[in-house]
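These notes concern the structure reproduced below.
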Amino acid sequence: MKIIIAGDGKMGATLTRQLSAEGDDLTLIDSNPNALELSEERYDVMVVQGNCASMDVLKQAGVKEADLLIAMAGADEINLLCCMTAHGMNPKIHTIARVRNPEYTEQIYAMRGMFALSMAVNPEKQAAAEAARLLRYPGFLKRDTFARGRVEIVELRLDEKSKLCNVALNDMNSIVKCKILVCAVLRKGTAVAPDGNFVLREGDRIFVTAPADTLTLLLKNLGIITHKVKRVILCGGGRVSYYLAKLLLNSGIGVQLIERDQSRCENLAAMLPGACIIQGDASSQFLLESEGIADCDALVTMTGLDELNMVISLYGTSCGVPQVITKLGRMDNTNILGNLALGSVISPKVLCCNTIVRYVRAMKNQTGAALTVHTIADGQMEAMEFTVDENTRHCGEPLKNLKLKKGVLVVCITKGSRQEIPGGDSFFERGDNLIIVTDGERGIYQLNDIFE
């Protein structure tokens, strides 16, 4: 598929890496020749230097033959103009624009047709929604939902006090006392697809598949005590903090937001009248202690500097804050990050890219495309949900008789309102939904791709 990516910044570079790995024909547009040169060296892509909203530049990029334009320039207005221009030159093209300004939220929805948008994405809003979900259901580092919220893949870290330390997966049932499946383990930065003889160790990050109503029982049986979040400290007053504070206030959760810039504090106070806005340095130990960090229910670090977020999160963990969430713009050094007590790590860039990649896959395969796609285990594995249709092979056959591709695991079968963690005798039928986990090295675009 021919795709144009307009804007070769952090988001554009991440998309280029993911889509080039899937074999798409990519053309990058950017005004910065250095960024383009770097991408051209790393990936098999065409590059065009210039203004992505210009007709001449889009023509050079081959917009008339392109299937999809993804506008990721720094300014929302440029992205919208780019999509409108591209659609005017090629009415059949699909367009995706990144629009981040909260002031545009309503009009983007209302005027979607006028802007010629197939989809609009807002990384900061997505990150805020993810953080709010984690705060609403504390106890897990990460939660990815499937089957319309009825099934989840959750992430847990095993510390020295965990009941699962030094336990083989075959022996887990006597401890957890509920039906779950460990679909992946991240050990020392490397993802493993474990079998029943795999022994869990301190420091492992495990990814567990379970029906949503089983998760509370899982936490209880593991001795992980959670309580409802009532007061949250947000560090940084950017867009993610604004969106998150709004969500939390609407849920009746108290918000203390720390921001260094005075004018930004004044704007936030006007936009968030229910929040306590504090002007100050979020990295100041004195300020954090005076605002009661040791007694808060959760700390979310969302300044513009990854390093600062990490330092504040580490301090929050040392103060005994029950739940810590760290926003990171760069997720390159996952091996290092995995060993730090940063709590839950969210990346607006990664969340947004996953949404776009899912759209691209659906375009390639209009029928049988994945309903849901999530990356897990620091991006080393993928969890995908498919619907079994009339074209799906091996319907009604026990899983133990099927030959799946190496690195593919069926982790859940949804039959109507019933969710089943599968065993060897389990089978799927037309209309069922399957959740599979793959090592990501094989392109799985439709359900039949999982079979040998």
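The values are calculated or read from the model by the stated rules, or taken from the named source; none is laboratory data. Bear in mind the structure is a predicted one, so any value in this text is a computation, not a measurement. Because the Cβ atoms are built from the backbone with ideal geometry, glycine has one as well, and the counts that use them run over all protein chains shown.
Going by the structure shown, is Leu257 under 19 Å from Met310 (Cα atoms) and either of a type in the set (Asp, Glu) or not in a helix (DSSP H, G or I) (or both)?
On the way: under 19 Å from Met310 (Cα atoms): yes; either of a type in the set (Asp, Glu) or not in a helix (DSSP H, G or I) (or both): yes.
Yes: the conditions hold for Leu257.
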Exercise for review: Quickly run through segment 214-257 and pick out the residues that are within 22 Å of the chain's Cα centre (by Cα) and of a type in the set (Lys, Arg).
Suggested key: Arg239, Lys246
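Would you confirm whether any residue within segment 204-218 is of a type in the set (Val, Ile, Thr), within 30 Å of Gly252 (Cβ to Cβ) and surrounded by fewer than 21 Cβ atoms within 10 Å (Cβ to Cβ)?
Narrowing segment 204-218 to residues of a type in the set (Val, Ile, Thr): 206, 208-209, 214, 216.
If we keep only those that are within 30 Å of Gly252 (Cβ to Cβ) too, we end up with 208, 214, 216.
Narrowing the set further to residues that are surrounded by fewer than 21 Cβ atoms within 10 Å (Cβ to Cβ) leaves 214, 216.
Within segment 204-218 (the criterion being of a type in the set (Val, Ile, Thr), within 30 Å of Gly252 (Cβ to Cβ) and surrounded by fewer than 21 Cβ atoms within 10 Å (Cβ to Cβ)), the answer is yes, since at least one residue qualifies.
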Review point. Given Ile258, Ile253, Ile233, which one is crowded, with 16+ Cβ neighbours inside 10 Å and free of Cβ contacts under 8 Å to residues at least 40 places away in the same chain?
Key: Ile258
Practice item. Tell me which of these Met11 doesn't satisfy, since it passes every other one: (1) of a type outside the set (D, E, K, R); (2) buried (at least 21 other Cβ atoms within 10 Å of the Cβ); (3) in contact (Cβ under 8 Å) with a residue 60 or more places away in the chain; (4) over 21 Å from Arg100 (Cα atoms). Key: (4)
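Whether any residue in segment 344-354 is at pLDDT below 85, among the β-branched types (Val, Ile, Thr) and in a helix (DSSP H, G or I) is what I want to check.
Taking every residue of segment 344-354 in turn, none turns out to be at pLDDT below 85, among the β-branched types (Val, Ile, Thr) and in a helix (DSSP H, G or I).
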Review point. Taking Lys177, is it of a type outside the set (Gly, Ala, Ser) and exposed (fewer than 14 other Cβ atoms within 10 Å of the Cβ)?
Key: yes
Review point. For segment 163-190, what are the residues that are among the β-branched types (Val, Ile, Thr), more than 20 Å from the chain's Cα centre (by Cα) and within 23 Å of Glu382 (Cβ to Cβ)?
Key: Ile180
Point to revise | Residues that are free of Cβ contacts under 8 Å to residues at least 40 places away in the same chain and assigned to a loop (DSSP other than H, G, I, E, B), drawn from segment 54-69 | key: Ser54
**Study point:** Hits in segment 297-314 - residues which are buried (at least 18 other Cβ atoms within 10 Å of the Cβ) and either among the acidic types (Asp, Glu) or over 22 Å from Arg239 (Cα atoms) (or both)
**Key:** Asp297, Asp306
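List the strands (runs of 3 or more DSSP E) inside segment 359-452, counting only whole elements, that have at least 2 residues being within 27 Å of Thr190 (Cα to Cα), hydrophobic (A, V, I, L, M, F, W, C) and under 27 Å from the mean Cα position of the chain (by Cα).
Numbers: elements: 372-376, 381-387, 408-415, 418-420, 433-438.
Qualifying strands (runs of 3 or more DSSP E): 372-376, 381-387, 408-415, 433-438.
Counting only residues that are of a type in the set (Val, Ile, Thr) and within 27 Å of the chain's Cα centre (by Cα), which one in segment 20-74 is nearest to Ile356 (Cα to Cα)? Spell out the reasoning first.
Step one: filter segment 20-74 for residues of a type in the set (Val, Ile, Thr), giving 27, 29, 45, 47-48, 57, 63, 70.
Then keep just the ones that are within 27 Å of the chain's Cα centre (by Cα); that gives 27, 29, 45, 70.
On the way: Thr27: 16, Ile29: 18, Val45: 18, Ile70: 9 Å.
Looking at residues that are of a type in the set (Val, Ile, Thr) and within 27 Å of the chain's Cα centre (by Cα), I get Ile70.
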